[in-house]
Amino acid sequence: MKAFTYERAKTPAEAAAAVANNPGAKFLAGGTNLLDLMKLEIETPSHLVDVQDLKLDRIEETSDGGLRIGAFVSNTDLAAHDRVRRDYGALTRAIVAGASGQLRNKASTAGNLLQRTRCPYFYDTNQPCNKRKPGSGCAAIGGYSRQLGIIGTSDACIATFPGDMAVAMRVLDATVETVKPDGQTRRIPIADFHRLWGNTPHVETALERGELITAVTLPKPIGGTHIYRKVRDRASYAYALVSVAAVIQPDGSARFAVGGIAPKPWRMAEAEALAPKGAKAVATRLLAGARPTSDNAFKVPLVERTIAAVMAEGAKA
Amino acid sequence: MTATALPAAALDAAQPMPGAKPTTMPVTLKVNGKSGTLDLDTRTTLLDALREHWKLTGTKKGCDHGQCGACTVLVNGTRINSCLSLAVQHQGDEITTIEGLGSPDKLHPMQAAFVKHDGYQCGYCTPGQICSAVGVLDEIKRGIPSHAQADVAARPAVTNDEMRERMSGNICRCGAYSNILEAMTDVAGAKA
Amino acid sequence: MKFDTPAGTNPIDQGKVVGRPTPRIDGPLKTSGRAPYAYERHDVAENAAYGVIVHAGIAKGRLNALHLDEAKAAPGVVTIVTADTAGKLGKGNMNTAKLLGGPEIDHYHQAIALVVAETFEQARAAANLVRADYARGQGKYDLEAALPGAPPVPDPNANDGKGPKIDKVGDFERFFASAPVKLDQKYTTPDQSHAMMEPFATIAAWKGDELTVWTSNQMINWTKGDLAKTLGLPKEKVRLDSPYVGGGFGGKLFLRADAVMAALGARQAGRPVKVTIARPMMANNATHRPATIQRIRIGCDKDGTITAIAHESGSGDLPGGGPETAVSQTKLLYAGAHRMTAMKLAVLDLPEGNAMRAPGEAPGLMALEIAMDEMAEKLGMDPVQFRIKNDTMVDPEKPERKFSQRHLVQCLNDGAQRFGWSRRNAKPAQVRDGRWLVGMGVASGFRNNMNQKSAARVGIDKQGMVTVATDMTDIGTGTYTIVAQTAAEMMGVPIDSVNVLLGDSSFPVSAGSGGQWGGNSSTAGVYAACMKLREAVAQKLGFNATDVTFANGKVTSGNRSADLKDAAGLSAEETMEYGDLAKQYQQSTFAGHFVEVGVDAYTGEIRIRRMLAVCDAGRIINPTSARSQVIGAMTMGVGAALMEELAVDKRFGFFVNHDLATYEVPVHADIPHQEVVFLDYPDDTTSPMKAKGVGELGLCGVGAAIANAIYNATGVRVRDYPITLEKHLAKLPMVA
């Protein structure tokens, strides 16, 4: 880990400015992913701006009946919030399917959105990786890629976004609120928050330099049966091979977002429209153009089967 | 508790960073009920602060990357992985380590239950398991939801599946899981 | 003391302490965080500097240059060790690859330098400033590609120690060809990592030319010798201390880079140095269980009698390394007149392959016991009955040689009854529980008992406390407690009057912890020392040594009695050695493993529902810790069956998933309640303890029992471990 200086900002604008004004600076929230990467010198900030004193740790009701979740709300507090459990069950389910109790107690809402890929070649600094060192190549392509992406990937990178929480937020049409170093705020739909890798896999989100996430808002509840189904080798404390967040309505209409397969939670309105035709139709549309490797080709049928499982659960409810 | 002095030579050789603030900072922690302040390299994790500076080696380093749970401690009553936390993030925090739960002559009920049910073998993951187990029973009591619940809106109960799921961030390669569950059940039952 | 005739009645048979479920005497220290592990010895090495290892970034080739300038100039750096500064190093007898690389690199993440600094943070940062220029060499990393051209190897587990290249009895080929029912299948097991929770760690300190290392090691005397040999020191100049070991599973049998680099670092820095190997470096830096490709052929009569059985296995290792002896159990487990076992060993440039818990039998039974299940199905026989039918009470290769004891049939029958085996539907894919496909599986467990010479010193103090000292280790196996039980039984004192000191190379040389020999062998050594001490006590207190009893802290003969503490100051040291009873009798341990699994009909995910092991492993000295050994091994068997695989990058020659996030081992949620039954038949041919190994038996066969349960649930046979969902997903019934 490279040496760094540390400060605690007092306001979001001050934090944003502190990072914008220092080319080596990064925000520090829970630290559960950043410190992991700093120890391996995959991340090498020379200055950390700790956001724990910014009072971003509250969950409030919005005027339209939705929720505004502070960026620093811990994963545990978010999952345990009464309104979230009751009205946004997919979100609680997704969060508690991720990581471990200890990590969820520390990890923040914004940090969860910003967590980086778990591609093992990204994590091994001896190996070329376009995400870690732009232009160096991708060792994962042609390597061990069982966990990696099957769609939305590129010739530069086949990594996935590894999170669970964001998959549920995608299905719930969340919005990411930010403040920029100049004090301007903006609202980024979750659909636009994570980028596809393209030729610049090191650029992972729509955030600009110094732009700080202050909150995530959820629109008013949409009812329905909330499901988060995570498929993994071991029963807990593992990243998803495939996960599906879903809200299924009594009339059979449904929303699906899929995790574990792409650079972002994967959701498509055209696919959801096919829900009455069954899981195969939905999955086929959702995965049109998929480019799996021989190691992870199984994720294509697995997505279909997992959606089928989710539909069956929704029908039962 | 005194400051850990860096040798003069090390300070002289410090990287020239124009305009840089110092990369050591005073950190005050209340560890097992006793406040102390140390001047620490900002890079020092809470885990290394405890093990190398406070010399409380009961908290273990199994992976240093949040992948095993051996470093679990209670911070302000809540369990976290101390390896993925910087000491400077915890100014003024109350830290309870395995040493703070009990001592060989006066074991905490969870520690005693681990001995009774042989909930450990090599002992290396054990402090983390015990701190986590204490945290888990409290989390269930506080109604924190888990993946094991059929209905996440409901209050969780102390069941085998609940405890297994919630303890899954603590790996035991010796495989004492079945016995750990019995130890926790014993403690939870005694409490109820 | 030499053990060369079957044990008669002895004080251990009283069973006042030995054989009773006993909480670990090290429990209060371990559960309160007070048991000091290697890296934690602030008490012994004040002012220790921190060493961080620099690991090779290629699998094979040469270091053209190692640029140290930046690292040397970094804050806090004290010194940097490289092959150039280390001088000439030897290589330990037990090591295949050298522990400090350069200029030649033998495997990925081999140590190439140690950066020593004032603090851990400084050392880690400076280690990242070391720049290595490599000339990448051509290596071989693909076992399947390398095996066809690989030579056959002798079987080191053969009974005469150096078996023939191919062990043959009768005429396998002819009788297999003519067998009415035949099976010929290929099975594979992957490379696996020990993944013990405590990383390799050592603190080293020199006093003149004498070196002390506080380290984490299973085999004190081997490692003392290998450290001396590596550093070119006389063995007596080296001391190891390893009182608490945070798991080993074979990973800590040998001298590893942490100890060598700490010793070199401390010498160069002129002060104590502590070194641990970072978790992400462990899988490639250290040893692993090698992958195997196995072929099994079984020929049977229609009544289920095995007439011909062959087991061949191929594995790979670095030049000079050894094979994974996956055929061992097939030589002894089942009858059959015509037999053949053979192994091949390919040269691979992956990290060093070596022993991991139950080497040979663990992967061998994963294959053999699927084959037995497949054969039972072909025969239309119940798999329990098929195994029972082919049980043997003699060594099938040497029928004149009997098993000392063998209760495999009872393990299987008892297990079947307890588990509700009769409720199993022999036709696969018939049982549903909601979305779960449910199946049951069985496998035999088998692992040889081995005895090793082992010594101890036992003394009595003024309070009547008995102190045992031996360099034996407790790696979670419960050694502290069984040693205390043994001494308590022998000297007639309660267990809390026994003090046990372990793991220090200045103590008498023990068997060490490996090959499931530690429990029986080390306690037999304590028995020998206690016998000698009893004689000395009797003599000192004026008793006739032959009719004296030791009980309740007193020494009694006839009407006369004296306090044991009256013999304070006496101590005795003795070694237990073995004659050839193990040659006369085949000493083995047996188990029946029963498993019920659920397979998600949609996703193919596999979850364990129930597990039972019935074990036949001689006298069980401490049923509490023995049970823990077995449930722990069963848990490791779940990992082997369902998730553990070091994924090989065949282009660059390394294990890709080299941390605990990506090399998955079972977690709490994977493991249901586990049941263990010990048959507890004392075996008088093994030692005066009449015990056998049990720590590895619990793993042997579990993987196959799970595989067979999965097949019973799904009807899809998977022969390649681990059984991850993609291996049967496409063949599961459609659900959409």
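None of the figures in this text is laboratory data; all of them are computed from the coordinates on show. All figures in this text were calculated on a predicted structure; none of them were measured in a lab. With ideal geometry, Cβ positions are generated from the backbone for all residues, glycine too; neighbour counts draw on all protein chains shown.
Relative protection proxy for C:474-487, C:279-292, A:216-229, from highest mean packing down: C:474-487, C:279-292, A:216-229 (other beta-carbon atoms within 10 angstrom). Calculated over the range B:121-162, the projected area of the Cα convex hull averaged across directions stands at 3.3 nm². Report the relative contact order of chain C, percent, no decimals, based on alpha-carbon pairs under 8 angstrom and at least 6 residues apart. Computed value for chain C: 17 percent relative contact order. For the segment B:77-88, counting C-beta atoms of other chains within 10 Å of every residue's C-beta and taking the mean gives 6.
Take each residue in C:596-605, count the other chain C-beta atoms within 10 Å of its C-beta, and the mean is 5. For A:D50, nonlocal amide neighbours, meaning residues 5 or more places apart or on other chains whose placed amide H falls under 5 Å from its own, are A:E7, A:R8, A:A9, A:L28. The HN-Hα couplings worked out from phi for the range C:673-685 by the Karplus form 6.51 cos²θ - 1.76 cosθ + 1.60 (θ = phi - 60°) are 4, 10, 10, 10, 10, 9, 6, 6, 9, x, 10, 6, 8 Hz, whole numbers, x standing for Gly and Pro.
Computed over the alpha-carbon atoms, the range C:469-538 gives an Rg to Rh ratio of 0.96, Rh here being the Kirkwood radius from the mean inverse distance.
Taking the C-alpha atoms only, the angle from helix B:126-141 to the longest principal axis of chain B is near 60 degrees.
Measuring between alpha carbons in the structure, the pairs from C:K344/C:K378; C:K224/C:K252; B:K61/B:K116; C:K224/C:K453; A:K299/C:K731; B:K34/C:K30 lying more than 21 angstrom apart are C:K344/C:K378; B:K61/B:K116; B:K34/C:K30. For the range C:290-365, the share of DSSP beta bridges that are antiparallel, to the nearest 5, is 45%. From the helices alone, meaning DSSP H stretches of at least four residues, give me the mean residue ellipticity at 222 nm for the protein assembly as shown, per-run term -39500 (n - 2.57), in deg cm²/dmol to the nearest 500. -7000 deg cm²/dmol, from helical runs alone. Computed over chain C, the range of Cα coordinates on each principal axis works out to 81, 72, 50 Å, biggest value leading.
Counting Cβ atoms of other protein chains within 10 Å of each Cβ in A:37-47 and taking the mean gives 3.
Rg and Dmax over the alpha-carbon atoms of the range A:101-195 stand at 15.5, 45 Å. Taking the DSSP beta bridges with both ends in chain C, the antiparallel portion is around 75 percent. For chain B, dividing the convex hull volume of the Cα atoms by the residue count gives 145 Å³ per residue. FRET efficiency for the C:R62 to A:Q249 pair, using the beta carbon distance and R₀ = 56 Å, is estimated at 0.30. Packing-based ranking of C:175-186, C:204-215 yields C:204-215, C:175-186, ordered from highest to lowest mean Cβ neighbour count within 10 Å. Note on A:E41 and C:L233: with the Förster distance fixed at 56 Å, the Cβ-Cβ geometry gives a FRET efficiency of about 0.95. For the range C:573-646 versus the range A:225-242, the spacing of their alpha-carbon centroids is 29 Å. Under the classification rounded if a/c is under 1.5, otherwise prolate if a/b is larger than b/c and oblate if not, where does the range B:23-99 fall, given a ≥ b ≥ c as square roots of the Cα gyration tensor eigenvalues? The shape class here is oblate.
Only Cα pairs under 8 Å and at least 6 apart count here; give the relative contact order of chain A as a rounded whole percent. After rounding, I find 18 percent. With contacts taken as Cα pairs under 8 Å and at least 6 residues apart, chain B reaches a relative contact order of 20 percent. Taking the centroid of alpha carbons for each part, the range C:344-386 and the range C:479-554 are 39 Å apart. Highest mean packing first, where packing is the average number of other Cβ atoms within 10 Å per residue, the peptides A:145-152, A:165-172 line up as A:165-172, A:145-152.
Counted as membrane-span-like here are DSSP H helices of chain C whose alpha-carbon atoms extend 15 Å or more along the helix's own axis and whose Kyte-Doolittle mean is -0.5 or above; these are C:220-231, C:257-269, C:361-379, C:408-419, C:479-491, C:518-540, C:623-642, C:702-714. Antiparallel beta bridges, as assigned by DSSP with both residues in the protein assembly as shown, represent about 75 percent of the total such bridges. Quick note on the protein assembly as shown: its Rg to Rh ratio, both from C-alpha atoms and Rh being the Kirkwood radius, is 0.96. Bridgeable aspartates and glutamates around C:K554 (alpha carbons under 15 Å apart, same-chain partners fewer than 8 residues away excluded): C:D461, C:E489, C:E535, C:D563, C:D566. If eta is 1.567 mPa s and T is 4 °C, what Stokes-Einstein diffusion coefficient results for the range A:225-315, Kirkwood Rh from Cα pairs, in µm²/s? Translational diffusion coefficient: 99 µm²/s.
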